[in-house]
Amino acid sequence: MEKGQRPDHSVRTELSEGFGERLLGELLDRAHEMPPQLIAPLVAEEVNRVGGRDVSILLQCYEQLELVPLPGRGLMVGDPLSVEDSPAGEAFLEMKAVEERQEDGVRMYLPLLDGSDEVGVMAVTLDSVSDDDRRLLRRLAGLVADMVVTKNSYTDQFFQARRRRPMSLAAEIQWSLLPPLAMSIPQVAVAGILEPAYNVAGDSFDYALNEDILHVAMVDAMGHGLDAATMATVAVGAYRHARRADIGLAEIYAFMDRAIAEQFGPDHFVTAQMMRLNIATGHLQWVNAGHPAPLLIRDHRVVRQLAGPTTLPVGFGGEDPQISEQMLQRGDRVLCFTDGLIEEHEAGEEPFGEEQLIHWVNRIEHEEKGVRAVVRSLSHALKRQRGGRTSDDATLFLIEWRGGAADHLAVLD
């Protein structure tokens, strides 16, 4: 076949059936040796081999409003695409392949999933699409996601593509501290979002899944700017250190409290909330250190606050905290948030308030499905309702407990 000539459908089918495994294997072998700037040309080259064209790799921007094309030789680079009303946005939000019929073929949008961490969307055009094409392209998209996540740890290329405007130093520190914004397995799913994305300072969250226990923490350091980011960094670092020592929630609080007090003195503090969820049983435990109480969502409505005894913020030397407990039902969601969401107000006017927050949670729970789509839509809706103002950091973190055992996943068909 001459260079630049498109293979017809029968040739493509033969490629995807007898050639697909070798193609993916070769791509994986080559990708490990490639510097980050050559990943995009390599992907475009391999897609062309199976009859694809006009390849785009789209990464989510930090505000989760747009999907931004990654520049690179061989890639199609156009304007950013809206997450709200585009086929690429649909693929991203629903984590599924979307096909758009066009005059010259079919434009396919495939979510870039590294496990359950979604980094963006890959778009490619084919003359026509068979089931073999769909299978091969889904696997190729997974491989591209893996390459982006792996190379991301030692290049700025992907960070720079995702930025739509300048980012503060404090925000730079916070974003480097975060785990993936979303995680999903059959028993549990989580998703978080921070605003203002380019100026966030004192808010952060962290989570880890160890065996059957999901560990979650949210922190909100006092103040703004670099001082707040520094305190949040120490608080999250202390949380991770204590969590990995496999100690209880009360001991984790005490360790974080000492770390903040010793580093910053008695006039500085961090509000915090630490949780443990047994994903096999639905047993939730938490310690609240001056944080707003989480909301329990059942059947897509807020049923109540998860109120309980609170202790002093981290750094103030509070007594041993009491541990609150709740048995979740399958499908229950727990929404954690920082006070920037409910305390925003014009001078002399009432704060935005928890009542309005609950109203919008109930509304968006009926409009969106997955936890990632819910927190994204909720954050943007709340910001609009606050008049677009964010004078304080405002963070959301949503947990959905699905229950059940995952042992069957370890059995190969």
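May I ask you to say which residue of Leu226, Leu214 is of a type outside the set (Phe, Trp, Tyr) and touching a residue at least 60 places away in the same chain (Cβ under 8 Å)?
Step by step, each of Leu226, Leu214 is checked, and only Leu214 is of a type outside the set (Phe, Trp, Tyr) and touching a residue at least 60 places away in the same chain (Cβ under 8 Å).
Among the listed residues His366, His408, His380, identify the single one that is at pLDDT 85 or above, farther than 18 Å from Ile297 by Cβ and either more than 21 Å from the chain's Cα centre (by Cα) or not charged (D, E, K, R) (or both).
Checking each option against the conditions leaves just His380.
For residues in the stretch 106-143 being small (Gly, Ala, Ser) and open to solvent by 10 Å² or more (accessible area, probe 1.4 Å), which is nearest to Leu65 (Cα to Cα)?
Ser116
Just one of the numbered conditions (1) in contact with a Gly (Cβ under 9 Å, 6 or more places away or on another chain); (2) at pLDDT below 95; (3) not hydrophobic (A, V, I, L, M, F, W, C) is not true of Asp220; which one?
Just one mismatch for Asp220, condition (2).
Does Met231 satisfy being modelled with pLDDT of 95 or more, assigned to a helix (DSSP H, G or I) and not small (Gly, Ala, Ser)?
Yes, satisfied.
Consider Pro186 against the criteria (1) under 22 Å from Gln64 (Cβ atoms); (2) in contact with a Lys or Arg (Cβ under 8 Å, 6 or more places away or on another chain); (3) open to solvent by 30 Å² or more (accessible area, probe 1.4 Å): it satisfies all of them except one. Which criterion is unmet?
It is condition (1) that Pro186 fails.
Out of (1) within 27 Å of the chain's Cα centre (by Cα); (2) open to solvent by less than 40 Å² (accessible area, probe 1.4 Å); (3) under 23 Å from Asp132 (Cα atoms), the odd one out for Cys61 is which?
Of the numbered conditions (1) within 27 Å of the chain's Cα centre (by Cα); (2) open to solvent by less than 40 Å² (accessible area, probe 1.4 Å); (3) under 23 Å from Asp132 (Cα atoms), the odd one out for Cys61 is (3).
Filtering the stretch 384-396 down to residues that are modelled with pLDDT of 85 or more and outside any helix (DSSP H, G or I), which residue is farthest from Ala189 (Cα to Cα)?
By that ranking, first place goes to Asp393.
I'd like to check something: does the stretch 268-278 contain any residue that is assigned to a loop (DSSP other than H, G, I, E, B) and more than 27 Å from Pro196 (Cα to Cα)?
Looking for residues that are assigned to a loop (DSSP other than H, G, I, E, B) and more than 27 Å from Pro196 (Cα to Cα), one finds none in the stretch 268-278, hence no.
The values are calculated or read from the model by the stated rules, or taken from the named source; none is laboratory data. Keep in mind that this is a model prediction, so the values were computed, not measured. Please note: Cβ atoms are built from the backbone with ideal geometry, for glycine as well, and neighbour counts cover all protein chains shown. In case anyone asks, the SASA skips ligands and DNA or RNA and just uses the protein heavy atoms, side chains included. Shrake-Rupley method; radii C 1.70, N 1.55, O 1.52, S 1.80 Å.
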